[in-house]
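The values are calculated or read from the model by the stated rules, or taken from the named source; none is laboratory data. It should be emphasised that the depicted structure is a prediction, and the values quoted were computed from it without experimental measurement. Using ideal geometry, Cβ is built from the backbone for each residue, glycine included, and neighbour counts are taken over all protein chains shown. Quick note on the areas: whole protein, heavy atoms, side chains included, nothing else; ligands and nucleic acids left out. Shrake-Rupley method; radii C 1.70, N 1.55, O 1.52, S 1.80 Å.
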Amino acid sequence: MTETPLLAPPSERSLRDRWFSPMKPGSLRMTTLFLVTSATGAGFVSMPAALKTSGLVGSIFLMIFAIFALHESIVMTGKCYSVLGFTRYGQIANYLGGKRLEVFGHWIVILSTIFSIMVHNVVLVDILATVFYQIGLLKEMPDLEKVSDLFRIVSLTVVSFLQMFMIANARSPGEMKRYAFISLSCLGGIIILLLSELPAYLETYWPNGELNWGIGITSRTPRDLSLFMFSFSVSGNAIIATQNLYNATPRRLKKVSVLTNGYLAVIYATITILAYLSTLDQTPTIFLNRPPTPGLPEWPMQLARCGVMLCLNSSNIGLFASLRAGITQMRYHKSESFDIDSIKGDLLIQDLITVISMTLLSLCFPQILTTLSLIGGSGGVILSTIPIFAGMKAEKLNWLRWKAAKYWFLVGISASLGFYTTIFDLMVYLGYLNE
């Protein structure tokens, strides 16, 4: 566990001190920023496309469900830490289902995090291609759906190894502070840009566009739910945030969860609704790749694209901290303790192998929506489910009583739709079905 500063109890600190004093490692605000930055990745750029298929009302329900899943996962992870003293996700899985589930849980954390970073890089390269094409560095848009595309191979390789050098300087939530502010500033700028351009886009797209209210459930709803689950998923980093939170009581962890969900909901909902209302049924998979509107300069959107690329990099740095911890814990799980300085060279080789593996995986999964929903439908659901069941066991909650009903509802809906999405997207990826 990292050292945390001695902070005065909340009762001895004024509201002004609690909200506007300099943030320190271990503080409630720093922990919240760490989780928000880790979650603010590739999911939100495709949310307007999900809103196009599921509609306004349907997307609101999907977002509420994803928020509920994230909240319960963070709270239950915190209970496993504060009540049982668990500091690793594998310990939570072991407590619930023994050694086999511990190994399974470790691998799910590692693979989900790898695929999350991978899909961030795929989206980043897609946005980068649009930037290069708009400024004239590319004569035509590359076919990024092709695994063999040269631009895709070169840019993914360069981006992955540049991120490795950035990751070396961010090993804990406290060191993520600078990246968190960059990420949130870029998102704020995107919201301002969407608001300023909305009138011109309304004039262009609304006369012939079709607004999807989304009252009913469609065949795309399970995939869109998986996308929302991915966008709100921070379960892999929840245990790291809990460890670094000063005085990690259930009450403070609940505050972290509420603040994290609140920030994400406001940011995601604002960007998603503004982006969708701008282009309606013409909304692309990544809303930043929407066509220019006559009369509007293109350079503000170019800045927005660069800002999103910075957000994706910031999220990857937070995710890589979780990934490094998970791999290291699996490799040294038989050692009761080890000196981190004595294995620095080993960690460097481990990071290099991890980055190479993620780059190769990124080259193999070019379909953005398929990969996003696949991760959310499998990894996101499992990562949320294990802490919930472990927390129920730690509370000695009778699983057949009505108090457990909300957890069974959450897990039942997530698992059934996640299973459907996983099978469907695997069929799409293998070419047996069309998107």
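Applying a threshold of 8 Å to beta carbon distances and a minimum spacing of six or more residues, or different chains, the list of pairs starting in the stretch 307-333 at a residue that is free of Cβ contacts under 8 Å to residues at least 24 places away in the same chain and ending at one that is open to solvent by 30 Å² or more (accessible area, probe 1.4 Å) and not acidic (Asp, Glu) reads Tyr332/Phe338. Taking first residues from the stretch 389-401 that are under 9 Å from Leu96 (Cβ atoms) and partners that are open to solvent by 30 Å² or more (accessible area, probe 1.4 Å) and modelled with pLDDT of 75 or more, the Cβ contacts under 8 Å between residues at least 6 apart in sequence or on separate chains come to Phe389/Leu96; Ala390/Tyr95; Ala390/Leu96; Lys393/Tyr95; Lys393/Leu96. Scanning the stretch 270-293 for residues that are among the hydrophobic types (A, V, I, L, M, F, W, C) and either in a loop (DSSP other than H, G, I, E, B) or touching a Cys at 6+ places or on another chain (Cβ under 9 Å) (or both) turns up just one, Ile286.
Looking at Leu51, Leu56, Leu62, Leu35, can you tell me which residue is within 13 Å of Val256 (Cβ to Cβ) and at pLDDT 80 or above? Show your work before the answer.
Values: Leu51 fails: within 13 Å of Val256 (Cβ to Cβ); Leu56 fails: within 13 Å of Val256 (Cβ to Cβ); Leu62 fails: within 13 Å of Val256 (Cβ to Cβ).
Going through Leu51, Leu56, Leu62, Leu35 in turn, the sole match is Leu35.
Filter the stretch 62-81 down to residues that are open to solvent by 10 Å² or more (accessible area, probe 1.4 Å) and farther than 30 Å from Ile286 by Cα and give me whichever is nearest to the chain's Cα centre (by Cα). Here the residue is Val75. Among the residues of the stretch 295-344, those that are at pLDDT below 75, part of a helix (DSSP H, G or I) and open to solvent by 10 Å² or more (accessible area, probe 1.4 Å) comprise Ala321, Ala325, Gln329, Met330, Arg331, Ile340, Asp341, Ser342, Ile343, Lys344.
Picking from Leu84, Leu101, Leu111, which residue would you name as being within 18 Å of Val381 (Cβ to Cβ), open to solvent by 50 Å² or more (accessible area, probe 1.4 Å) and out of contact with any strand residue (DSSP E or B) (no Cβ under 6 Å at 6 or more places or on another chain)? When all the criteria are applied, what remains is Leu111.
Consider Tyr81 carefully, then state whether it is in contact (Cβ under 8 Å) with a residue 40 or more places away in the chain and farther than 24 Å from Asn316 by Cβ. Give the derivation first.
Values: in contact (Cβ under 8 Å) with a residue 40 or more places away in the chain: yes; farther than 24 Å from Asn316 by Cβ: yes.
When the stated conditions are applied, Tyr81 passes them.
Taken over the stretch 269-283, the criterion of being within 20 Å of the chain's Cα centre (by Cα) and open to solvent by 10 Å² or more (accessible area, probe 1.4 Å) is satisfied by Ala269, Thr270, Ile273. Taking the condition of being out of contact with any Pro (no Cβ under 9 Å at 6 or more places or on another chain) and over 12 Å from Leu198 (Cβ atoms), how many residues in the stretch 262-277 meet it? Number satisfying all stated conditions: 8. Looking only at residues in the stretch 193-226 that are open to solvent by 60 Å² or more (accessible area, probe 1.4 Å) and of a type in the set (Asp, Glu), the one that is modelled with the highest pLDDT is Glu203.
Within 15 Å of Phe389 (Cα to Cα) and in contact (Cβ under 8 Å) with a residue 60 or more places away in the chain, is that true of Ala50?
Numbers: within 15 Å of Phe389 (Cα to Cα): no; in contact (Cβ under 8 Å) with a residue 60 or more places away in the chain: yes.
Considered against the rule, which asks whether it is within 15 Å of Phe389 (Cα to Cα) and in contact (Cβ under 8 Å) with a residue 60 or more places away in the chain, Ala50 comes out as no.
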